[in-house]
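Data block below; observations after.
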Amino acid sequence: MLLAENPARCILIVGGPGSGKGRLCERLVAHCGVSHVSCGDMLRQEVQADTPLGREVSGIMQRGELVSSDLIVTLLRRRMRAFPGKRLLLDGFPRSEQNAKDFESQCGVPELALHLKCTDEKMVERILRRGQLENRADDNPETAARRLRVYHDSSAPTLAWLEARGVPIVELDCNGTQENVWSQLLAIGRLMRGAVAV
Ligand code: UDP
Ligand code: MG
């Protein structure tokens, strides 16, 4: 069954670990009046609060693997109820083709996906830098390597499935600065407005 009569309108933010999903979302929230749900943060909150769900997922996250699709979609759906009719950024979701399928059947078709593309070198560099600043259990060289492998194995089929379902996918080169990524988005926005005006 679909989420209520007034579901949130979702923009998927997809990209490898350290590709800049969280930073871009912060900026979109500040400038575009959208809301933001980070799936990784939701899971980390469960781990921190030591809930049964948190205990179930902490080992999986520490190894850099994916939690079950049922679990993350249920959690996401529950959180989305707080944003009826809102435009909502789903940061770090979907991670797998199964995630994308489960989301569509429970919450409807997303509006758009932003795909943040980055070289492995860049992603590893950022993860290890973040590991020194924050205290994330998975920001270490071994888990980073596993997270990258999981991303490479699952992102192509996930994006292919979304594309086949008619979800527009915008690719962004995220190797440069946050400023550079932002200007790519602005340029696309201008282009689209121009196209509509013609
Ligand atoms: N995760 C998951 N499914 C999701 C989102 C996150 O299994 O839909 C888990 C997975 O173990 C992942 C971790 O949560 O490695 C951290 O996700 P986050 O998006 O915070 O990591 P990032 O890619 O931003 O570094
Ligand atoms: Mg993140």
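Once the stretch 126-173 is narrowed to residues that are assigned to a loop (DSSP other than H, G, I, E, B) and in contact with a helix residue (DSSP H, G or I) (Cβ under 8 Å, 6 or more places away or on another chain), the residue that is most open to solvent (accessible area, probe 1.4 Å) is R165. Among the criteria (1) open to solvent by less than 20 Å² (accessible area, probe 1.4 Å); (2) within 16 Å of ligand 2 (Cβ to nearest atom), the one C107 does not fulfil is (2).
Considering each residue of the stretch 76-98, count those that are open to solvent by 10 Å² or more (accessible area, probe 1.4 Å) and under 14 Å from the mean Cα position of the chain (by Cα), and give that number. Before you say what the answer is, go through the steps one by one.
Our first condition is that a residue be open to solvent by 10 Å² or more (accessible area, probe 1.4 Å); within the stretch 76-98, this holds for 77-79, 81-87, 91, 95-98.
Within this subset, residues satisfying the condition of being under 14 Å from the mean Cα position of the chain (by Cα) are 91, 95-97.
Looking only at that region, the number is 4.
Out of everything in the stretch 37-52 that is of a type outside the set (S, T, N, Q) and over 14 Å from R78 (Cα atoms), what residue ends up being nearest to ligand 1 (Cβ to nearest atom)?
Of all residues in the stretch 37-52, those of a type outside the set (S, T, N, Q) come to 37, 39-44, 46-47, 49-50, 52.
Now restrict to residues that are over 14 Å from R78 (Cα atoms): 40-41, 44, 47, 49-50, 52.
Details: G40: 2, D41: 6, R44: 7, V47: 10, A49: 15, D50: 17, P52: 17 Å.
Checking each candidate, the answer is G40.
Under the condition of being assigned to a strand (DSSP E or B) and more than 8 Å from ligand 1 (Cβ to nearest atom), the residues counted in the stretch 91-114 number 3. Among the helices (runs of 4 or more DSSP H) confined to the stretch 1-90, the ones with at least 2 residues that are at pLDDT below 95 are located at 21-32, 69-80.
The values are calculated or read from the model by the stated rules, or taken from the named source; none is laboratory data. Keep in mind that this is a model prediction, so the values were computed, not measured. In this analysis, Cβ positions are derived from the backbone assuming ideal geometry, glycine residues included, and neighbour counts consider all displayed protein chains. For accessibility, only protein heavy atoms count, side chains too; no ligands or nucleic acids. Shrake-Rupley method; radii C 1.70, N 1.55, O 1.52, S 1.80 Å.
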